[in-house]
Each structure stands twice: as structure tokens, then as C-alpha cells.
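Notes follow the structure.
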Amino acid sequence: MEAGPPADAGPLVFKGATVVDGTGADRYRADVRVDRGLITGIGRGLGAVREVDADGLVLAPGFIDMHAHSDLALLLEPEHPAKVTQGVTCEVLGQDGLSYAPVDDTTLPALRRQIAGWNGDPEGFDWDWRTVGEYLDRLDRTGVGVNACYLVPHGSLRMLAVGWENRAPRPAELDRMRALLAEGLRQGAVGMSSGLTYTPGMYAGTAELVELCRVVAQYGGFHAPHQRSYGAGALEGYAEMVEIARRSGCPVHLTHATMNFGVNQGRAGELLDLVDRALADGVDLTLDSYPYLPGSTTLAALLPGWATEGGPQATLARLGEADACERIRYEVEEKGSDGCHGVVTDWATIQLSGVRDPALAGAVGRTVAELAAEQGRSGTEVFLDLLRRDELATTILQHVGHEENVRAIMRHRAHTVGSDGLLVGARPHPRAWGTFPRYLARYSRESGVLTLEEAVARMTGRPAARLGLDRRGLIAPGHHADLVLFDPATVRDTATFEQPRRPAAGIEHVYVNGTAVVRQGRTTGARPGRALRRTDRGTRAA
């Protein structure tokens, strides 16, 4: 039997599959027929020119990554092995309030520098778009391995209208942000993201976000906030996001919903009580999480907000001023920087995962505390030196999570799955390659935190509903053939912190729009994905 043809090569049947359909309903055994990129039949004895022997395997809808940082990776390596090998068929880009559309000729260079640690900043790359619609067109022209949705990033709007100043927008500036946001939504974005521990998003007040969320609500989108604190002010930050949803009428999706750092150990229940009260009051709320304890971001993110005002060039200038460096030292070591969630930085928890400057490669995998002890300097001295030498591009892991919080949050009925995976650096977080099989292995098969049906629903049907996807996220007749076939006994993540780019085990076949992107555990090189654009009738391909 052949593993699966291209979408245009005739009908295909998965024979004798164990179907887990994405609704959370019990699994069942059936044949599933696919033709011209759509599911055309579910039953017994279905025939086709081509067949896949699915006996003993689970057939599920393709997994949806609700929090992805593949904004450039999809263009640089469009076959996208990191995600297709773990069964992902759709990603949500434009996260954390910072991405590459909309931009202009002034904001793009600074933005590229600011988030080089997230996405890289490749030499010679053709930045041939400026608007959301043009970026989505570029994805379609390139041809990509997975489908992609896009969130208009609030920080990028603020750069265009206000710059990097720490102040409220003037009326005309707020009007410009509203207009740019509406334009991006009309061009197909599914909502707006915000990054409220990152410059310049952190300078926005509640009222500004309410006004912008009202625009998002008018277009049927949702707000995906990286809120103001996952540490000392976590509960207050979540409460603000819920209040914004109440006041604006805009659905909210709490992205990478965690309760981290020592101050929040064992406190996930308090967050979930807040979520339950909001849901009971009619707030349209969902959330996502990743199944790991460490977080991941840039080293520069730990700086206090005042130190990053004015953009990357102004930040680097301050790092050369003795008075500014002493003030930074006080905030990160004694007060608790707002960039580090109001928590005093423990340098033993900050591990370097990637650098831009090859001369610093030996520091990757080491903690700032280890480097400081080796060099006979303080942690803050090493921190500031790395920022200067690597021009803010250093990426880190933050070992600040708690297993009991992770498990409690993933059990909640509003939960979906997001990897939050950075794909650059010598040793990025393994969640970029392992999130989805880790849920299926560690948290379903091995520990029983979630049933298989619940785990799949959180990766497929529920995120598809949040995104308003047109006939995706379920195994049902007439739905698009975004499908993953895996072995429930062997599926697991193999990516580790030491070897983070190892593909999953047990993912046998993956189809995007009816075309195989993984066949018998190996990538095919096919690029059948497309930009999924929000329309008045749901999110669909153009």
C-alpha cells in the first residue's frame, strides 16, 4: 500500500484507522476517504486508488500551534520540519506584540534588530512586504509546509504611530493605530497580539488596549496578550486582560498561560478561579500552554522598561553609560525588573540558548551564574557585557516553572496547545520540536493527566473554533484534509535541552490540504500550506 499521494493524484483511503476526531468524543474505528484535499467519506469498506494501512494507528486532525514564532522560519525553510514532524498543520504567527507586519521603512530595521533573538536576521533576505496582506501573500508565493494564521502585533502598531516613547498615544496616534489594525484585520488577520513586557507594548495603558480591542471585536477577531507579568504581578496581569475583554467585548486568548517563579508555586488554582469566574460571566476566554517548565525569550527582555525606551539603538547607548548600568543593576538584582516580571533575577536560572556573535558561542548552554563564577564577576556584569557584545540578540531559557502549575492549567476546559518555540540559536528550547508529541506521551499515555481524546481536542477542534477556521480542526465529511496518523504506543518527543532539534517518534504520516508533508516518518519536501485569512464567513484560504 502506498503511503499517500499528492492532493491531485486521486482518492486516498486510510484503512482501519482509530479515529480521534478532535471533538473530545470517544475514538472509533473506520476508513477515512480523502479526495482533492477534502475528507469525502467516513465508514467501512471505502475504496480508492490509493490506500494507507492505518491498522493500530490513530488518525487525528492536524495539530494547531496556537503560539508560534515561525514568522521568518516559514520563509527561510518553508518545508518546516520542526513542526510538520510533530504533526502540526497550522500555526498562529504575529505573537507577543512584535512581528514584521505592518511596518514601514523606518520601523522595520529597528524591529528586525529587536527580535533577532526570536527569529534571526538573515543577511540578503528580501523584505518585500510592508502590510499584513503583503506578508500573507509572501507566504502563499513561497509555498510553505503548514497553514498559517496571523495576529496583528500591537507593539508594531505602536512603533508606527507613537514610536518607542513611554507615554499614552495622542488622539491622532490612537486613531492611526485603530486604522492600521482595521486594515490588517480586513487583509486577513485573525486578531491582535500584545506583548506587555516588551518595548514598546509595555508602555500601553489599559484604556489604549480596550480601544484597540473594540476594533478587533468589530471584525470578529480575538486578543492574544502576553500580559504584564508571569511572576510577582501575574494574577493582577491576568485580571487586567479579563477586564479588557469585558470592557471591549473582545474575546481573549491568554497565551502561554503560566504561573512562574517562586512567588507562584502552587498557585495555578487562583488563575483558574479567575478564568472560571470570567467564563461564568459570559467572557469569551480561551488559553494555551506548553508542556515544559522552562520559558524562553531574549536576554534583553530582562531589562527594565525605561532602559529600552527609544528602541534598540537607544538601549545599546544606555548600556555604555555607568549611571544607567548601576540603575539597571539595582532593578534586576534588588528591586525586580518589570522586564523580569517584577521578580529579582536569579542568574542561576538564566541559561544561554543562542547568540548572534560567533565569538560568544562558548557561552551557549551555560547559565549567567556559571559564567560569572568562572570570570570572577557579578551576574549583572556578565549580563550587561553579553547584551553589549551580542547587540541584544542573545536568547535564553528561564528555569522558573512548576510542574503542578503546568498540569493544573492543562486540565482546564478552556485550554489549548501552543509551543511558543523559537527556532533560532544553537540550543533553542526543545518545545519548538517536541510540544505536541510530549502532550501525547508524557501527559496522556504515561501520566493520564489528559485522555487521548482530550489531548487531541486541545490540539485541534478547540483551537480551530477559537480561530474561526473554515472546515478545519475536525475529522468530518467536507472538512479539509489536514491530518496526522500516529502510533499511540510509541509517539513521543525526542528533542532534549542538549539536542533540541530531534524530530518526534511515532508520527507516521502528516497531510496538509490533502498532500503528504510527512510520509513514513520522513518529510517529503511538499509545501501545500497557505495563509488562512479571516473573512466575514470564517477563516479560510484566499
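The values are calculated or read from the model by the stated rules, or taken from the named source; none is laboratory data. Keep in mind it's a predicted model, so treat the numbers as computed, not measured. Positions of Cβ are backbone-derived with ideal geometry, glycine not excepted, and every protein chain shown enters the neighbour counts. With ligands, DNA and RNA removed, areas are computed over all heavy atoms of the protein, side chains included. Shrake-Rupley method; radii C 1.70, N 1.55, O 1.52, S 1.80 Å.
Quick notes on this one:
- The strands (runs of 3 or more DSSP E) falling completely within the stretch 451-537 that include 1 or more residues that are under 16 Å from VAL34 (Cβ atoms) and open to solvent by 30 Å² or more (accessible area, probe 1.4 Å) map to 507-512, 515-519.
- Qualifying residue in the stretch 394-403 (condition: over 20 Å from ASN260 (Cα atoms) and touching a residue at least 12 places away in the same chain (Cβ under 8 Å)): yes
- From VAL424, VAL382, residue being under 25 Å from ILE328 (Cα atoms) and touching a helix residue (DSSP H, G or I) at 6+ places or on another chain (Cβ under 7 Å): VAL382
- Leading residue by the ranking (nearest to ALA322 (Cα to Cα)) among those in the stretch 379-389 that are in contact (Cβ under 8 Å) with a residue 12 or more places away in the chain and either surrounded by fewer than 17 Cβ atoms within 10 Å (Cβ to Cβ) or of a type in the set (A, V, I, L, M, F, W, C) (or both): LEU384
- Looking across the stretch 328-365, the residues that are open to solvent by 70 Å² or more (accessible area, probe 1.4 Å) and within 24 Å of ARG113 (Cα to Cα) come down to ASP338, ARG356, PRO358, ALA359.
- Restricting ARG445, ARG472 to residues that are under 18 Å from ASP26 (Cβ atoms) and either over 20 Å from the mean Cα position of the chain (by Cα) or basic (Lys, Arg) (or both) narrows the list to ARG445.
- Long-range neighbours under 6 Å by Cβ, at least six apart or interchain, first residue closer than 11 Å to GLY425 by Cβ and of a type in the set (Asp, Glu) within the stretch 347-369, second open to solvent by less than 40 Å² (accessible area, probe 1.4 Å) and in a helix (DSSP H, G or I): none
- Residue list for the stretch 440-450, restricted to those being open to solvent by less than 20 Å² (accessible area, probe 1.4 Å) and over 30 Å from GLY191 (Cβ atoms): ALA441
- Residue list for the stretch 431-480, filter: in contact with a Gly (Cβ under 7 Å, 6 or more places away or on another chain) and among the hydroxyl-bearing types (Ser, Thr, Tyr): THR435, THR460
- Among the conditions (1) closer than 29 Å to ARG438 by Cα; (2) modelled with pLDDT under 95; (3) acidic (Asp, Glu), ASP346 misses just one, which is (2).
- Qualifying residue in the stretch 81-103 (condition: under 21 Å from VAL34 (Cβ atoms), of a type in the set (Phe, Trp, Tyr) and touching a residue at least 12 places away in the same chain (Cβ under 8 Å)): no
- 1 or more residues open to solvent by 30 Å² or more (accessible area, probe 1.4 Å): qualifying helices (runs of 4 or more DSSP H) within the stretch 84-145: 107-114, 132-142
- Pair list, Cβ < 8 Å and 6+ apart or interchain, from the stretch 420-447 residues that are without any contact (Cβ under 8 Å) to a residue 40 or more places away in the chain to residues that are part of a helix (DSSP H, G or I) and open to solvent by less than 30 Å² (accessible area, probe 1.4 Å): SER444/LEU452; SER444/ALA455
- All positions within the stretch 29-78 that are in a strand (DSSP E or B), open to solvent by 40 Å² or more (accessible area, probe 1.4 Å), touching an Asp or Glu at 6+ places or on another chain (Cβ under 8 Å) and of a type outside the set (D, E, K, R): ILE42
- Residues being under 26 Å from GLY339 (Cβ atoms), polar (S, T, N, Q) and open to solvent by less than 20 Å² (accessible area, probe 1.4 Å) are represented in the stretch 278-289 by at least one member.
- Residue tally, condition on the phi < 0 side of the Ramachandran plot and in a loop (DSSP other than H, G, I, E, B), over the stretch 362-379: 4
- Within the stretch 188-238, the set of residues being within 21 Å of LEU160 (Cα to Cα), among the aliphatic types (A, V, I, L, M) and open to solvent by 10 Å² or more (accessible area, probe 1.4 Å) comprises MET202, ALA207, VAL215.
- Residue in the stretch 47-56 that is under 22 Å from GLY461 (Cβ atoms) and either among the β-branched types (Val, Ile, Thr) or without any contact (Cβ under 8 Å) to a residue 40 or more places away in the chain (or both) present: no
- The residue that is farthest from THR255 (Cα to Cα), counting only those in the stretch 393-411 that are in contact with a Pro (Cβ under 8 Å, 6 or more places away or on another chain) and either open to solvent by less than 10 Å² (accessible area, probe 1.4 Å) or in a helix (DSSP H, G or I) (or both), is THR395.
- Residues that are open to solvent by 70 Å² or more (accessible area, probe 1.4 Å), in a helix (DSSP H, G or I) and among the basic types (Lys, Arg), drawn from the stretch 154-186: ARG176, ARG186
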